[in-house]
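One structure below.
The values are calculated or read from the model by the stated rules, or taken from the named source; none is laboratory data. On a predicted model such as this, the values are computed, not experimentally measured, just so you know. Don't worry about glycine lacking a Cβ; one is built from the backbone with ideal geometry, like all the others, and counts go over all protein chains shown. Protein only, heavy atoms only, side chains kept; ligands, DNA and RNA dropped before computing areas. Shrake-Rupley method; radii C 1.70, N 1.55, O 1.52, S 1.80 Å.
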Amino acid sequence: IGRIDGSLYGKARLVDLVAYDAKGPFLRAPQVALDWRPFAYLLNHVDIRAATAQTMTLQRVPAFKVVNPNAPLLPNIDIDIGRLKVDRLISEPAVSDERRDLRLTGTARIADRRAQVTAQLVTLAGDSSQSGDRLDLVLDAVPERNRLALKLAVDAPRGGVIAALARIEGPLSIKLDGRGDWSKWDGTLAATQAAKPVARLQLAARDGTLSAKGPAELGRLLGGVPGVLLDATTQLDLTARLDRRRAALAGSLRSDQLAIVPSGVVDLGDNRFDDLKLEVLLLRPAALAPNLSGRALRADLTLNGAFARPEV
């Protein structure tokens, strides 16, 4: 930070802000207006009243280091972001093949038994003949008020900013929508990649139990061996009972080559498996390796302990 005007413990103006990774600077902003309460972090609370910038430049895709592979996927921390806004987010050609200008806005209020998030990323009008990046997210989940609203729309064109940051092969389009409340919510998720369907799922939520059912060519996104085993014949039928960052899983994932039936608990707060049983059936061994032969090869696994190195 080149200079700080105002109070570092409340309202401040950060001048010449530069973000670095192990390779050097990747993000620059001439000025950022910040209103926050940093001491709230001592109480496991990220309290940002507002963070706004007129211009911010993303010079390249950042290369982050993994500092703790056992850090919780859903940490026990409250997050409040009253207002996040970047009027012009400039993506340099090193990120997305050509310069793209976008606008970013959002809010967040996340605590135990409450998740309220809105985010919008849109490409500003320009001379480019390519289609633009777009992300719209609305999540309003407050069980005590019987409230659940969830909508997501993503357009990630080939060579775009979202595809670069997510390290995926565009073009990818995702649309999730539904109606209802916490006690009964029904929706759909449709995803296409390069104009070919990836998933067409029926979604449901019933008092904290989530389910997804339908075709999902997961291998198309994963590539490699999963790309062969989880091909266009893949059918998803899974349920997850969520309670205090723990998910009790049941259901199945099946293709013509492979079947996986999970049963047990995944702790997203401690990143641990808790007696997670997996029934695995390899229906066509030759799909895994040409010189592998057999009939209905089966494995019954039980996983316990940390995600990074579980006991199996």
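Return the subset of LYS175/LYS213; LYS184/LYS213; LYS184/LYS277; LYS151/LYS196; LYS151/LYS175 for which the Cα-Cα distance in this structure is over 18 Å, preserving the input order. Over 18 Å Cα-Cα: LYS184/LYS277; LYS151/LYS196. Around the amide H of LEU102, modelled in the peptide plane, lie the amide H atoms of LEU89, ILE90, SER91, LEU124, all under 5 Å away and 5 or more residues distant in sequence or on another chain. Here TYR20 sits with roughly 150 square angstrom of accessible surface, probe radius 1.4 Å.
Calculated translational diffusion coefficient of the range 52-194 (37 °C, 0.692 mPa s; Stokes-Einstein with Kirkwood radius over alpha-carbon pairs) equals 193 µm²/s.
In the range 61-163, taking the dipole from charged Cβ atoms about the Cα centre, the farthest positive-side position among LEU84, LEU74, LEU137 is held by LEU74. For the range 6-21, the Karplus equation 6.51 cos²θ - 1.76 cosθ + 1.60, evaluated at θ = phi - 60°, returns couplings of x, 9, 5, 9, x, 8, 8, 10, 8, 9, 6, 8, 10, 9, 10, 10 Hz by residue, with Gly and Pro reported as x.
Using heavy atoms of the protein chains and a probe of 1.4 Å, the accessible area assigned to LEU165 is about 80 Å². When the Kirkwood radius is taken over all Cα pairs of the chain, what Stokes-Einstein diffusion coefficient follows at 20 °C and 1.002 mPa s, in µm²/s? For the chosen part, D equals 96 µm²/s.
The order of ASP140, ASP270, ASP275 by accessible area, most exposed first and with a 1.4 Å probe, is ASP270, ASP275, ASP140.
Coupling constants for the range 154-166 follow from the phi torsions by the Karplus curve (6.51 cos²θ - 1.76 cosθ + 1.60, θ = phi - 60°), and in residue order they are 10, 10, 10, x, 4, x, x, 6, 4, 4, 5, 5, 7 Hz; glycine and proline get x. When the Cα positions of ALA149, VAL280, GLY208 are compared along the charge dipole of the chain, ALA149 comes out farthest toward the positive end, with charges on each C-beta of Lys, Arg, Asp and Glu.
When both the range 126-205 and the range 207-241 are represented by their alpha-carbon centers, they are found 16 Å apart. For the chain, the Cβ-based charge dipole about the Cα centre amounts to some 200 debye (Lys, Arg positive; Asp, Glu negative; other atoms uncharged). The relative contact order of the range 94-208 comes to 17 percent, based on Cα pairs under 8 Å that sit 6 or more residues apart. Farthest toward the positive end of the dipole of the chain, out of LEU104, GLY170, THR234, is the Cα of LEU104, where the dipole comes from beta carbon charges about the Cα centre.
For the chain, the relative contact order works out to 8 percent when only alpha carbon pairs closer than 8 Å and six or more residues apart are counted. Any idea what % of Cα-Cα pairs in the range 138-182 are farther than 16 Å? Value for the range 138-182 (Cα pairs over 16 Å): 51 percent. Taking all protein chains as shown and a probe of 1.4 angstrom, ASP274 keeps an accessible surface of around 60 Å². The ellipsoid equivalent to the alpha-carbon distribution of the range 167-295 has semi-axes of 27, 21, 13 angstrom, derived from the gyration tensor eigenvalues as √(5λ) and listed largest first. For LEU283, the residues whose amide H sits under 5 Å from its own are LEU258, ALA259, ignoring neighbours fewer than 5 places away on the same chain, with H placed 1.01 Å from N.
Backbone phi angles across the range 195-210, fed through the Karplus curve with coefficients 6.51, -1.76 and 1.60 (θ = phi - 60°), yield HN-Hα couplings of 6, 10, x, 10, 8, 9, 10, 8, 10, 8, 9, 9, 6, x, 9, 9 Hz in residue order; Gly and Pro are listed as x. Under 5 Å from the amide H of LYS184 lie the amide H atoms of ASP207, each residue being 5 or more positions distant or on a separate chain, with H modelled from the backbone and absent for Pro and chain starts.
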